[in-house]
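Step one of this worksheet: look at the structure below.
The values are calculated or read from the model by the stated rules, or taken from the named source; none is laboratory data. Remember, predicted model here, so these are calculated numbers, not experimental data. Cβ placement follows ideal geometry from the backbone for every residue including glycine, while neighbour counts extend to all protein chains displayed. Just the protein is used for accessible areas: all its heavy atoms, side chains included, with ligands, DNA and RNA removed. Shrake-Rupley method; radii C 1.70, N 1.55, O 1.52, S 1.80 Å.
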2 protein chains.
Amino acid sequence: MTRSEHEDGIRVAVSTVILTLRRDGGQAPRLALPLVRRTRDPHAGAWALPGGWLDDAESLAAAAARTLAETTGLAPSYLEQLYAFGAVDRSPSRVISVVYWALVREEESVGAVGSDPENVAWFDAEDLPGLAFDHARIIEYALWRLRNKVGYSRVAQGFLPPEFTLADLREAYETILGRRLDPANFRRQVDATRTLIPTNAFRTGSHRPARLYRDATDVELADRGPLSPEETRTS
Amino acid sequence: MTRSEHEDGIRVAVSTVILTLRRDGGQAPRLALPLVRRTRDPHAGAWALPGGWLDDAESLAAAAARTLAETTGLAPSYLEQLYAFGAVDRSPSRVISVVYWALVREEESVGAVGSDPENVAWFDAEDLPGLAFDHARIIEYALWRLRNKVGYSRVAQGFLPPEFTLADLREAYETILGRRLDPANFRRQVDATRTLIPTNAFRTGSHRPARLYRDATDVELADRGPLSPEETRTS
DNA sequence: CCAAAAGTGTTCCGAATACACCCATGC
DNA sequence: GCATGGGTGTATTCGGAACACTTTTGG
(Lines give C-alpha, C1' and ligand atoms only; values in the text may rest on other atoms or scores of the structure.)
Protein backbone atom coordinates (compact mmCIF):
# COMPACT_ATOMS: atom_id res chain seq x y z
CA MET A 1 0.00 0.00 0.00
CA THR A 2 1.73 3.10 -1.21
CA ARG A 3 0.98 6.34 0.51
CA SER A 4 1.25 9.85 -0.79
CA GLU A 5 3.79 11.70 1.27
CA HIS A 6 2.02 15.03 1.53
CA GLU A 7 -1.11 15.55 3.61
CA ASP A 8 -3.27 16.44 0.66
CA GLY A 9 -6.37 18.55 0.29
CA ILE A 10 -9.01 15.93 -0.29
CA ARG A 11 -12.13 16.50 1.76
CA VAL A 12 -15.08 14.19 2.39
CA ALA A 13 -18.65 15.43 2.16
CA VAL A 14 -21.86 13.52 2.78
CA SER A 15 -25.08 14.42 0.93
CA THR A 16 -28.50 12.84 0.90
CA VAL A 17 -31.27 12.54 -1.65
CA ILE A 18 -34.37 12.73 0.54
CA LEU A 19 -37.51 11.46 -1.13
CA THR A 20 -41.12 11.61 -0.11
CA LEU A 21 -44.54 11.19 -1.67
CA ARG A 22 -46.46 14.44 -1.83
CA ARG A 23 -50.21 14.70 -2.35
CA ASP A 24 -51.15 18.14 -3.61
CA GLY A 25 -54.85 17.57 -3.24
CA GLY A 26 -57.10 14.92 -4.63
CA GLN A 27 -54.50 14.44 -7.33
CA ALA A 28 -52.16 11.55 -7.85
CA PRO A 29 -49.20 11.86 -5.50
CA ARG A 30 -45.79 12.78 -6.83
CA LEU A 31 -42.22 12.23 -5.76
CA ALA A 32 -40.74 15.26 -4.04
CA LEU A 33 -37.41 16.10 -2.49
CA PRO A 34 -35.92 18.97 -0.48
CA LEU A 35 -33.06 21.08 -1.81
CA VAL A 36 -30.94 23.70 -0.11
CA ARG A 37 -30.04 27.03 -1.61
CA ARG A 38 -26.30 27.56 -1.47
CA THR A 39 -25.14 30.74 0.20
CA ARG A 40 -21.48 30.54 -0.75
CA ASP A 41 -19.36 29.85 -3.76
CA PRO A 42 -19.00 27.67 -5.63
CA HIS A 43 -22.49 27.77 -7.11
CA ALA A 44 -23.77 30.37 -4.66
CA GLY A 45 -27.51 30.83 -5.20
CA ALA A 46 -27.98 27.48 -6.91
CA TRP A 47 -29.94 24.63 -5.36
CA ALA A 48 -28.07 21.63 -4.00
CA LEU A 49 -28.60 18.42 -2.10
CA PRO A 50 -28.67 18.68 1.68
CA GLY A 51 -25.31 17.68 3.04
CA GLY A 52 -22.19 18.74 4.82
CA TRP A 53 -18.66 17.83 5.67
CA LEU A 54 -18.06 14.53 7.35
CA ASP A 55 -17.24 15.02 10.99
CA ASP A 56 -14.16 13.42 12.45
CA ALA A 57 -16.05 11.21 14.88
CA GLU A 58 -19.18 10.18 13.00
CA SER A 59 -19.80 7.37 10.57
CA LEU A 60 -20.93 8.08 7.03
CA ALA A 61 -24.50 6.97 7.74
CA ALA A 62 -24.62 9.09 10.88
CA ALA A 63 -23.53 12.12 8.90
CA ALA A 64 -26.29 11.46 6.39
CA ALA A 65 -28.91 11.15 9.13
CA ARG A 66 -27.60 14.29 10.82
CA THR A 67 -27.77 16.50 7.74
CA LEU A 68 -31.16 15.03 6.93
CA ALA A 69 -32.43 16.05 10.36
CA GLU A 70 -30.83 19.48 10.09
CA THR A 71 -32.57 20.33 6.85
CA THR A 72 -35.94 18.67 7.30
CA GLY A 73 -36.33 18.00 11.02
CA LEU A 74 -37.15 14.39 10.14
CA ALA A 75 -35.80 10.93 10.82
CA PRO A 76 -35.72 8.73 7.74
CA SER A 77 -37.83 5.59 7.45
CA TYR A 78 -35.22 4.22 5.09
CA LEU A 79 -31.57 5.18 4.56
CA GLU A 80 -29.10 3.58 2.20
CA GLN A 81 -25.77 4.51 0.72
CA LEU A 82 -26.09 5.43 -2.95
CA TYR A 83 -22.62 5.98 -4.35
CA ALA A 84 -19.32 7.73 -3.73
CA PHE A 85 -18.68 10.46 -6.28
CA GLY A 86 -15.08 11.44 -6.74
CA ALA A 87 -14.38 12.89 -10.17
CA VAL A 88 -11.52 15.36 -10.06
CA ASP A 89 -13.42 18.16 -11.72
CA ARG A 90 -16.73 17.93 -9.90
CA SER A 91 -15.81 20.85 -7.66
CA PRO A 92 -13.08 23.53 -7.76
CA SER A 93 -11.44 21.96 -4.72
CA ARG A 94 -11.08 18.21 -4.41
CA VAL A 95 -14.18 16.79 -2.75
CA ILE A 96 -15.29 13.19 -2.39
CA SER A 97 -19.06 13.06 -1.84
CA VAL A 98 -20.50 9.97 -0.28
CA VAL A 99 -24.17 10.21 -1.15
CA TYR A 100 -27.06 8.50 0.63
CA TRP A 101 -30.69 8.25 -0.33
CA ALA A 102 -33.50 8.32 2.18
CA LEU A 103 -37.26 7.87 2.30
CA VAL A 104 -39.42 9.89 4.67
CA ARG A 105 -43.10 9.50 5.41
CA GLU A 106 -45.50 11.79 3.70
CA GLU A 107 -47.33 13.45 6.56
CA GLU A 108 -44.17 14.18 8.44
CA SER A 109 -42.78 16.16 5.58
CA VAL A 110 -45.58 18.69 5.59
CA GLY A 111 -44.48 21.82 7.35
CA ALA A 112 -41.59 20.16 9.08
CA VAL A 113 -38.45 22.19 8.70
CA GLY A 114 -35.01 22.14 10.17
CA SER A 115 -32.55 24.66 11.47
CA ASP A 116 -32.54 26.91 8.41
CA PRO A 117 -36.01 26.86 6.85
CA GLU A 118 -35.29 29.97 4.82
CA ASN A 119 -33.07 28.19 2.37
CA VAL A 120 -34.84 24.86 2.13
CA ALA A 121 -37.58 24.10 -0.39
CA TRP A 122 -39.30 20.97 -1.66
CA PHE A 123 -39.38 20.28 -5.38
CA ASP A 124 -41.22 17.88 -7.60
CA ALA A 125 -38.75 15.22 -8.72
CA GLU A 126 -39.88 15.67 -12.31
CA ASP A 127 -39.51 19.43 -12.23
CA LEU A 128 -36.20 20.33 -10.67
CA PRO A 129 -34.47 23.70 -10.76
CA GLY A 130 -30.90 24.24 -11.92
CA LEU A 131 -28.64 22.28 -9.62
CA ALA A 132 -25.13 22.84 -8.31
CA PHE A 133 -22.20 20.53 -9.05
CA ASP A 134 -23.17 17.10 -10.42
CA HIS A 135 -26.27 16.94 -8.24
CA ALA A 136 -28.73 16.59 -11.14
CA ARG A 137 -26.99 13.40 -12.20
CA ILE A 138 -26.95 12.16 -8.62
CA ILE A 139 -30.68 12.66 -8.21
CA GLU A 140 -31.31 10.82 -11.46
CA TYR A 141 -29.34 7.89 -10.18
CA ALA A 142 -31.18 7.89 -6.85
CA LEU A 143 -34.51 7.81 -8.66
CA TRP A 144 -33.27 4.98 -10.84
CA ARG A 145 -32.25 3.04 -7.74
CA LEU A 146 -35.61 3.61 -6.09
CA ARG A 147 -37.53 2.47 -9.18
CA ASN A 148 -35.30 -0.53 -9.49
CA LYS A 149 -35.42 -1.52 -5.85
CA VAL A 150 -39.16 -1.19 -5.60
CA GLY A 151 -39.35 -4.18 -7.92
CA TYR A 152 -37.71 -6.63 -5.58
CA SER A 153 -38.12 -5.22 -2.05
CA ARG A 154 -40.56 -3.51 0.24
CA VAL A 155 -38.91 -0.08 0.16
CA ALA A 156 -42.11 1.60 -0.99
CA GLN A 157 -43.49 1.10 2.51
CA GLY A 158 -40.95 3.68 3.64
CA PHE A 159 -43.31 6.28 2.24
CA LEU A 160 -46.33 5.08 4.19
CA PRO A 161 -47.54 5.46 7.78
CA PRO A 162 -47.60 2.39 10.06
CA GLU A 163 -51.10 1.45 8.96
CA PHE A 164 -52.22 1.68 5.38
CA THR A 165 -54.55 0.13 2.85
CA LEU A 166 -53.49 -1.91 -0.13
CA ALA A 167 -54.69 0.96 -2.30
CA ASP A 168 -52.27 3.27 -0.46
CA LEU A 169 -49.44 0.87 -1.10
CA ARG A 170 -50.39 0.36 -4.71
CA GLU A 171 -50.61 4.10 -5.23
CA ALA A 172 -47.06 4.44 -3.89
CA TYR A 173 -45.84 1.81 -6.32
CA GLU A 174 -47.69 3.45 -9.17
CA THR A 175 -46.15 6.81 -8.42
CA ILE A 176 -42.65 5.41 -8.20
CA LEU A 177 -42.96 3.31 -11.34
CA GLY A 178 -44.98 5.81 -13.30
CA ARG A 179 -47.60 3.32 -14.45
CA ARG A 180 -50.86 1.81 -13.28
CA LEU A 181 -50.92 -1.58 -11.64
CA ASP A 182 -53.77 -4.08 -11.64
CA PRO A 183 -55.35 -3.99 -8.17
CA ALA A 184 -56.21 -7.68 -8.22
CA ASN A 185 -52.74 -8.87 -9.19
CA PHE A 186 -51.10 -6.34 -6.88
CA ARG A 187 -53.03 -7.72 -3.93
CA ARG A 188 -52.00 -11.27 -4.66
CA GLN A 189 -48.37 -10.35 -5.17
CA VAL A 190 -47.99 -8.49 -1.90
CA ASP A 191 -49.67 -11.09 0.22
CA ALA A 192 -47.65 -13.80 -1.48
CA THR A 193 -44.66 -12.18 0.26
CA ARG A 194 -46.31 -12.73 3.66
CA THR A 195 -44.90 -9.47 4.98
CA LEU A 196 -48.14 -7.62 5.66
CA ILE A 197 -50.38 -8.30 8.64
CA PRO A 198 -54.05 -7.49 8.18
CA THR A 199 -55.54 -5.57 11.08
CA ASN A 200 -59.17 -5.58 12.10
CA ALA A 201 -59.48 -1.91 11.30
CA PHE A 202 -60.90 -0.52 8.09
CA ARG A 203 -60.63 2.83 6.43
CA THR A 204 -64.10 4.05 5.79
CA GLY A 205 -64.50 6.58 3.05
CA SER A 206 -66.34 7.12 -0.14
CA HIS A 207 -67.05 3.48 -0.94
CA ARG A 208 -66.55 0.01 0.39
CA PRO A 209 -64.21 0.17 3.41
CA ALA A 210 -60.66 -1.03 2.87
CA ARG A 211 -58.80 -3.15 5.35
CA LEU A 212 -55.78 -1.58 7.03
CA TYR A 213 -52.50 -3.45 7.07
CA ARG A 214 -49.25 -3.01 8.93
CA ASP A 215 -45.71 -4.34 8.52
CA ALA A 216 -45.49 -8.00 9.37
CA THR A 217 -42.00 -7.82 10.75
CA ASP A 218 -39.39 -5.53 12.19
CA VAL A 219 -36.97 -6.59 9.49
CA GLU A 220 -35.47 -4.19 7.01
CA LEU A 221 -37.56 -2.93 4.14
CA ALA A 222 -34.69 -3.81 1.83
CA ASP A 223 -31.10 -4.92 1.81
CA ARG A 224 -29.11 -1.82 2.58
CA GLY A 225 -25.67 -3.22 1.85
CA PRO A 226 -22.70 -4.40 3.89
CA LEU A 227 -23.60 -2.44 6.99
CA SER A 228 -21.43 -2.53 10.04
CA PRO A 229 -23.10 -2.97 13.43
CA GLU A 230 -22.83 0.72 14.17
CA GLU A 231 -24.69 1.58 11.02
CA THR A 232 -27.57 -0.85 11.40
CA ARG A 233 -29.60 1.40 13.67
CA THR A 234 -31.25 4.18 11.76
CA SER A 235 -33.62 5.54 14.35
CA MET B 1 -23.78 23.14 3.82
CA THR B 2 -22.03 23.55 7.11
CA ARG B 3 -18.31 23.06 7.22
CA SER B 4 -16.17 21.91 10.08
CA GLU B 5 -13.77 24.69 10.96
CA HIS B 6 -10.67 22.62 11.49
CA GLU B 7 -8.89 20.87 8.67
CA ASP B 8 -9.49 17.45 10.08
CA GLY B 9 -7.64 14.17 9.79
CA ILE B 10 -9.94 12.18 7.54
CA ARG B 11 -8.08 10.42 4.76
CA VAL B 12 -9.45 8.65 1.67
CA ALA B 13 -8.16 5.26 0.61
CA VAL B 14 -9.16 3.19 -2.41
CA SER B 15 -9.03 -0.60 -2.30
CA THR B 16 -10.06 -3.23 -4.82
CA VAL B 17 -11.35 -6.77 -4.57
CA ILE B 18 -9.76 -8.39 -7.62
CA LEU B 19 -11.39 -11.63 -8.67
CA THR B 20 -10.38 -14.24 -11.17
CA LEU B 21 -11.19 -17.83 -12.03
CA ARG B 22 -8.30 -20.15 -11.32
CA ARG B 23 -7.98 -23.63 -12.77
CA ASP B 24 -5.61 -25.70 -10.67
CA GLY B 25 -5.48 -28.54 -13.15
CA GLY B 26 -8.23 -30.68 -14.57
CA GLN B 27 -10.30 -29.68 -11.55
CA ALA B 28 -13.28 -27.41 -11.39
CA PRO B 29 -12.12 -23.80 -11.39
CA ARG B 30 -12.36 -21.71 -8.24
CA LEU B 31 -12.65 -18.04 -7.44
CA ALA B 32 -9.33 -16.53 -6.42
CA LEU B 33 -8.13 -13.10 -5.40
CA PRO B 34 -4.81 -11.40 -4.67
CA LEU B 35 -3.97 -10.03 -1.25
CA VAL B 36 -1.08 -7.91 -0.08
CA ARG B 37 0.91 -8.51 3.07
CA ARG B 38 1.05 -5.36 5.14
CA THR B 39 4.51 -4.16 6.08
CA ARG B 40 3.48 -1.46 8.54
CA ASP B 41 1.14 -1.02 11.44
CA PRO B 42 -1.71 -1.18 11.90
CA HIS B 43 -2.04 -4.89 11.20
CA ALA B 44 1.59 -5.31 10.05
CA GLY B 45 2.04 -8.84 8.74
CA ALA B 46 -1.63 -9.41 8.07
CA TRP B 47 -3.08 -9.78 4.59
CA ALA B 48 -5.10 -6.94 3.14
CA LEU B 49 -6.85 -5.85 -0.04
CA PRO B 50 -4.67 -4.14 -2.63
CA GLY B 51 -5.13 -0.42 -2.34
CA GLY B 52 -3.61 2.89 -1.47
CA TRP B 53 -4.29 6.50 -0.72
CA LEU B 54 -6.31 8.46 -3.19
CA ASP B 55 -4.10 10.82 -5.11
CA ASP B 56 -5.02 14.47 -5.34
CA ALA B 57 -5.46 14.47 -9.09
CA GLU B 58 -7.01 11.09 -9.87
CA SER B 59 -10.59 9.92 -9.84
CA LEU B 60 -11.70 7.10 -7.58
CA ALA B 61 -11.94 4.62 -10.45
CA ALA B 62 -8.50 5.64 -11.71
CA ALA B 63 -7.03 5.02 -8.27
CA ALA B 64 -8.61 1.57 -8.24
CA ALA B 65 -7.22 0.73 -11.67
CA ARG B 66 -3.81 2.06 -10.67
CA THR B 67 -3.49 -0.01 -7.50
CA LEU B 68 -4.82 -3.01 -9.38
CA ALA B 69 -2.07 -2.63 -11.96
CA GLU B 70 0.56 -2.05 -9.28
CA THR B 71 -0.21 -5.27 -7.47
CA THR B 72 -1.08 -7.60 -10.33
CA GLY B 73 0.30 -5.99 -13.49
CA LEU B 74 -3.14 -6.41 -15.03
CA ALA B 75 -5.86 -4.26 -16.51
CA PRO B 76 -9.34 -5.26 -15.35
CA SER B 77 -11.93 -6.59 -17.77
CA TYR B 78 -14.58 -5.25 -15.42
CA LEU B 79 -14.41 -2.59 -12.71
CA GLU B 80 -17.23 -1.31 -10.55
CA GLN B 81 -17.51 0.61 -7.33
CA LEU B 82 -18.58 -1.62 -4.46
CA TYR B 83 -19.18 0.56 -1.42
CA ALA B 84 -17.69 3.33 0.69
CA PHE B 85 -16.73 2.11 4.15
CA GLY B 86 -16.49 4.77 6.81
CA ALA B 87 -17.08 3.41 10.30
CA VAL B 88 -15.20 5.44 12.87
CA ASP B 89 -13.48 2.46 14.43
CA ARG B 90 -12.42 0.56 11.34
CA SER B 91 -8.87 1.86 11.65
CA PRO B 92 -6.91 3.62 14.42
CA SER B 93 -6.83 6.79 12.35
CA ARG B 94 -9.90 7.99 10.48
CA VAL B 95 -9.95 6.42 7.04
CA ILE B 96 -12.73 6.34 4.46
CA SER B 97 -12.19 3.44 2.08
CA VAL B 98 -13.88 3.57 -1.28
CA VAL B 99 -13.78 -0.03 -2.42
CA TYR B 100 -14.04 -1.28 -6.00
CA TRP B 101 -14.38 -4.82 -7.30
CA ALA B 102 -12.76 -6.00 -10.48
CA LEU B 103 -12.71 -9.05 -12.72
CA VAL B 104 -9.55 -10.12 -14.53
CA ARG B 105 -9.13 -12.80 -17.14
CA GLU B 106 -7.82 -16.13 -16.05
CA GLU B 107 -4.75 -16.62 -18.21
CA GLU B 108 -3.47 -13.15 -17.54
CA SER B 109 -3.43 -13.75 -13.83
CA VAL B 110 -1.00 -16.63 -14.01
CA GLY B 111 2.44 -15.47 -13.14
CA ALA B 112 1.68 -11.84 -13.73
CA VAL B 113 2.90 -9.73 -10.86
CA GLY B 114 3.31 -6.06 -10.21
CA SER B 115 5.85 -3.82 -8.62
CA ASP B 116 6.20 -5.74 -5.36
CA PRO B 117 5.71 -9.45 -6.09
CA GLU B 118 7.23 -10.44 -2.77
CA ASN B 119 4.23 -9.41 -0.75
CA VAL B 120 1.45 -10.38 -3.12
CA ALA B 121 -0.23 -13.77 -3.11
CA TRP B 122 -3.37 -15.25 -4.62
CA PHE B 123 -5.87 -17.00 -2.35
CA ASP B 124 -8.87 -19.19 -2.88
CA ALA B 125 -11.95 -17.09 -2.12
CA GLU B 126 -13.32 -19.89 0.05
CA ASP B 127 -10.10 -20.26 2.03
CA LEU B 128 -8.86 -16.85 3.06
CA PRO B 129 -6.21 -16.08 5.65
CA GLY B 130 -6.69 -13.69 8.55
CA LEU B 131 -7.41 -10.27 7.14
CA ALA B 132 -6.59 -6.76 8.28
CA PHE B 133 -9.23 -4.18 9.19
CA ASP B 134 -12.75 -5.01 7.98
CA HIS B 135 -11.48 -6.57 4.79
CA ALA B 136 -13.03 -9.99 5.42
CA ARG B 137 -16.46 -8.39 5.50
CA ILE B 138 -15.68 -6.38 2.38
CA ILE B 139 -14.68 -9.47 0.41
CA GLU B 140 -17.85 -11.23 1.52
CA TYR B 141 -19.88 -8.36 0.19
CA ALA B 142 -17.98 -8.33 -3.11
CA LEU B 143 -18.67 -12.02 -3.58
CA TRP B 144 -22.31 -11.47 -2.78
CA ARG B 145 -22.47 -8.72 -5.39
CA LEU B 146 -20.81 -10.90 -8.00
CA ARG B 147 -23.18 -13.80 -7.37
CA ASN B 148 -26.12 -11.48 -7.45
CA LYS B 149 -25.08 -9.60 -10.58
CA VAL B 150 -24.29 -12.76 -12.52
CA GLY B 151 -28.01 -13.47 -12.42
CA TYR B 152 -29.05 -10.46 -14.46
CA SER B 153 -26.00 -9.38 -16.44
CA ARG B 154 -23.12 -10.66 -18.50
CA VAL B 155 -20.39 -9.96 -15.91
CA ALA B 156 -19.23 -13.56 -15.92
CA GLN B 157 -17.72 -12.95 -19.35
CA GLY B 158 -15.21 -10.72 -17.59
CA PHE B 159 -13.48 -13.93 -16.53
CA LEU B 160 -13.19 -15.30 -20.06
CA PRO B 161 -10.91 -14.63 -23.02
CA PRO B 162 -12.34 -12.99 -26.16
CA GLU B 163 -13.34 -16.34 -27.64
CA PHE B 164 -14.85 -19.10 -25.58
CA THR B 165 -17.22 -22.02 -25.73
CA LEU B 166 -20.60 -22.19 -24.10
CA ALA B 167 -19.16 -24.79 -21.76
CA ASP B 168 -16.49 -22.29 -20.68
CA LEU B 169 -19.17 -19.74 -19.97
CA ARG B 170 -21.36 -22.20 -18.16
CA GLU B 171 -18.43 -23.34 -16.06
CA ALA B 172 -17.81 -19.75 -15.03
CA TYR B 173 -21.44 -19.39 -13.98
CA GLU B 174 -21.32 -22.68 -12.10
CA THR B 175 -18.21 -21.64 -10.21
CA ILE B 176 -19.66 -18.29 -9.26
CA LEU B 177 -23.03 -19.66 -8.24
CA GLY B 178 -21.70 -22.83 -6.66
CA ARG B 179 -24.15 -25.14 -8.39
CA ARG B 180 -24.48 -27.08 -11.62
CA LEU B 181 -26.52 -25.69 -14.49
CA ASP B 182 -28.35 -27.64 -17.15
CA PRO B 183 -26.30 -27.33 -20.37
CA ALA B 184 -29.36 -27.37 -22.59
CA ASN B 185 -31.25 -24.69 -20.72
CA PHE B 186 -28.11 -22.61 -20.24
CA ARG B 187 -27.55 -22.56 -23.99
CA ARG B 188 -31.06 -21.36 -24.68
CA GLN B 189 -30.93 -18.69 -22.01
CA VAL B 190 -27.70 -17.10 -23.22
CA ASP B 191 -28.67 -17.00 -26.85
CA ALA B 192 -32.05 -15.62 -25.92
CA THR B 193 -30.09 -12.52 -24.83
CA ARG B 194 -28.64 -12.18 -28.37
CA THR B 195 -25.31 -10.94 -26.96
CA LEU B 196 -23.06 -13.71 -28.21
CA ILE B 197 -21.87 -14.04 -31.79
CA PRO B 198 -21.04 -17.55 -32.96
CA THR B 199 -17.76 -17.75 -34.82
CA ASN B 200 -16.83 -20.34 -37.43
CA ALA B 201 -14.09 -21.70 -35.21
CA PHE B 202 -14.39 -24.73 -33.00
CA ARG B 203 -12.43 -25.93 -30.05
CA THR B 204 -11.29 -29.42 -30.79
CA GLY B 205 -10.46 -31.58 -27.84
CA SER B 206 -11.46 -34.81 -26.27
CA HIS B 207 -14.87 -35.12 -27.90
CA ARG B 208 -17.20 -33.42 -30.28
CA PRO B 209 -15.78 -29.96 -31.09
CA ALA B 210 -17.50 -27.02 -29.44
CA ARG B 211 -18.26 -23.81 -31.26
CA LEU B 212 -16.40 -20.70 -30.14
CA TYR B 213 -18.32 -17.51 -29.41
CA ARG B 214 -17.35 -13.92 -28.83
CA ASP B 215 -19.05 -10.87 -27.41
CA ALA B 216 -21.76 -9.56 -29.67
CA THR B 217 -21.24 -5.94 -28.76
CA ASP B 218 -18.82 -3.50 -27.32
CA VAL B 219 -21.33 -2.50 -24.70
CA GLU B 220 -20.74 -2.91 -21.00
CA LEU B 221 -20.92 -6.32 -19.41
CA ALA B 222 -23.16 -4.84 -16.74
CA ASP B 223 -24.48 -1.56 -15.42
CA ARG B 224 -21.62 -0.09 -13.45
CA GLY B 225 -23.53 2.76 -11.84
CA PRO B 226 -23.77 6.51 -12.33
CA LEU B 227 -20.43 6.88 -14.03
CA SER B 228 -19.13 10.24 -15.10
CA PRO B 229 -17.61 10.53 -18.59
CA GLU B 230 -14.10 10.41 -17.18
CA GLU B 231 -14.82 7.12 -15.48
CA THR B 232 -16.42 5.30 -18.41
CA ARG B 233 -13.17 4.26 -19.98
CA THR B 234 -11.58 1.38 -18.14
CA SER B 235 -8.87 0.39 -20.57
C1' DC C 1 -80.84 1.77 -7.39
C1' DC C 2 -76.28 3.39 -9.01
C1' DA C 3 -71.39 4.39 -8.98
C1' DA C 4 -67.13 3.07 -7.56
C1' DA C 5 -63.70 0.94 -5.03
C1' DA C 6 -62.66 -3.60 -2.45
C1' DG C 7 -61.82 -8.07 -3.16
C1' DT C 8 -62.15 -13.07 -5.65
C1' DG C 9 -61.87 -16.39 -9.55
C1' DT C 10 -60.20 -17.92 -13.82
C1' DT C 11 -57.76 -18.01 -18.09
C1' DC C 12 -53.80 -17.30 -20.80
C1' DC C 13 -49.02 -16.92 -21.86
C1' DG C 14 -44.09 -17.03 -21.49
C1' DA C 15 -40.02 -18.29 -18.97
C1' DA C 16 -37.59 -21.68 -16.19
C1' DT C 17 -36.97 -26.51 -15.47
C1' DA C 18 -36.39 -31.42 -16.23
C1' DC C 19 -35.08 -34.70 -19.10
C1' DA C 20 -35.21 -37.67 -23.39
C1' DC C 21 -32.80 -37.86 -27.37
C1' DC C 22 -29.57 -37.22 -31.44
C1' DC C 23 -24.71 -35.69 -33.15
C1' DA C 24 -19.71 -35.74 -33.69
C1' DT C 25 -15.51 -36.57 -32.22
C1' DG C 26 -11.20 -39.34 -29.78
C1' DC C 27 -9.88 -43.54 -28.61
C1' DG D 1 -18.03 -49.48 -31.27
C1' DC D 2 -18.36 -46.83 -27.20
C1' DA D 3 -17.75 -43.16 -24.06
C1' DT D 4 -18.35 -38.35 -23.61
C1' DG D 5 -19.46 -33.92 -24.12
C1' DG D 6 -22.00 -30.88 -27.81
C1' DG D 7 -26.36 -29.68 -29.16
C1' DT D 8 -31.84 -30.11 -30.10
C1' DG D 9 -36.70 -31.25 -28.89
C1' DT D 10 -40.44 -31.35 -25.82
C1' DA D 11 -43.47 -31.83 -21.76
C1' DT D 12 -44.39 -29.75 -17.29
C1' DT D 13 -44.68 -26.29 -13.95
C1' DC D 14 -44.85 -21.81 -12.07
C1' DG D 15 -45.62 -16.90 -11.86
C1' DG D 16 -47.26 -12.79 -14.00
C1' DA D 17 -50.76 -10.35 -16.70
C1' DA D 18 -55.43 -9.70 -18.22
C1' DC D 19 -59.94 -9.38 -17.11
C1' DA D 20 -64.70 -11.06 -15.76
C1' DC D 21 -67.13 -11.15 -11.78
C1' DT D 22 -68.96 -10.50 -6.90
C1' DT D 23 -69.18 -7.60 -2.54
C1' DT D 24 -69.88 -3.50 0.13
C1' DT D 25 -70.22 0.87 1.00
C1' DG D 26 -71.96 6.25 0.12
C1' DG D 27 -75.08 8.78 -2.04
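The table below gives the values:
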quantity: Share, in percent, of DSSP beta bridges within the protein assembly as shown that are antiparallel, nearest 5; calculated: 70
quantity: Kyte-Doolittle mean at least -0.5, axial Cα span of 15 Å or more - DSSP H helices of chain B; calculated: B:60-72, B:166-177
quantity: Residue order for A:Phe123, B:Phe202 - accessible surface, 1.4 angstrom probe, largest first; calculated: B:Phe202, A:Phe123
quantity: Alpha-carbon centroid distance for the pair the stretch B:141-163 / the stretch A:113-147, whole angstrom; calculated: 33
quantity: Percentage relative contact order, the stretch A:77-176, counting C-alpha pairs under 8 Å, at least six apart; calculated: 27
quantity: Segments A:167-173, B:94-100 sorted - mean Cβ within 10 Å per residue, highest first; calculated: B:94-100, A:167-173
quantity: Minimum 50 Å² accessible area buried by the other protein chains, the stretch B:37-54 residues, probe 1.4 Å, relative to alone; calculated: B:Trp53, B:Leu54
quantity: Cα gyration tensor shape for the stretch B:155-215, rounded if a/c is under 1.5, else prolate or oblate; calculated: rounded
quantity: Label point 7 Å beyond Cα along the C-beta direction, distances from A:Arg187 to other copies (nm, shortest first); calculated: 4.6
quantity: Net charge dipole size for the stretch B:11-150 [Lys, Arg +1 and Asp, Glu -1 on Cβ; Debye, nearest 20]; calculated: 300
quantity: Gaussian network model of chain B, Cα within-10 Å springs - most flexible of B:Gly73, B:Gly205, B:Gly51; calculated: B:Gly205
quantity: Sequence of B:Trp53, B:Trp101 from largest to smallest accessible area, 1.4 Å probe; calculated: B:Trp53, B:Trp101
quantity: Average beta carbon contacts from partner chains per residue of B:79-90, 10 Å cutoff; calculated: 6
quantity: Exam field: B:Thr204 pseudo-label spacings to other copies (7 Å along Cα-Cβ), nanometres; calculated: 8.5
quantity: Test item: A:148-159 mean partner chain Cβ contacts at 10 Å; calculated: 0
quantity: Most to least accessible of A:Glu163, B:Glu231, A:Glu118 (protein chains only, probe 1.4 Å); calculated: A:Glu118, A:Glu163, B:Glu231
quantity: Probe 1.4 Å - accessible area at B:Glu70, Å² to nearest ten; calculated: 60
quantity: Other copies of A:Arg23: label-to-label distances in nm, shortest first, labels 7 Å along the beta-carbon direction; calculated: 6.2
quantity: Within chain A, percent of DSSP bridges classed antiparallel, to nearest 5; calculated: 75
quantity: Nearest-to-axis residue of chain B, judged by beta-carbon position, where the axis maps B onto A, in Å; calculated: B:Ala84, 2
quantity: Rounded accessible area of B:His135 (nearest 10 Å², 1.4 Å probe); calculated: 10
quantity: Helix-only [θ]222 nm of the protein assembly as shown, DSSP H runs n ≥ 4, -39500 (n - 2.57) each, per residue, nearest 500; calculated: -6500 deg cm²/dmol
quantity: Peptide B:187-196, shielding by other chains (average Cβ, 10 Å cutoff); calculated: 0
quantity: Area accessible to solvent at B:Trp122, 1.4 Å probe radius, in Å²; calculated: 60
quantity: Cα pair distances exceeding 42 angstrom across the protein assembly as shown, given as percent; calculated: 24
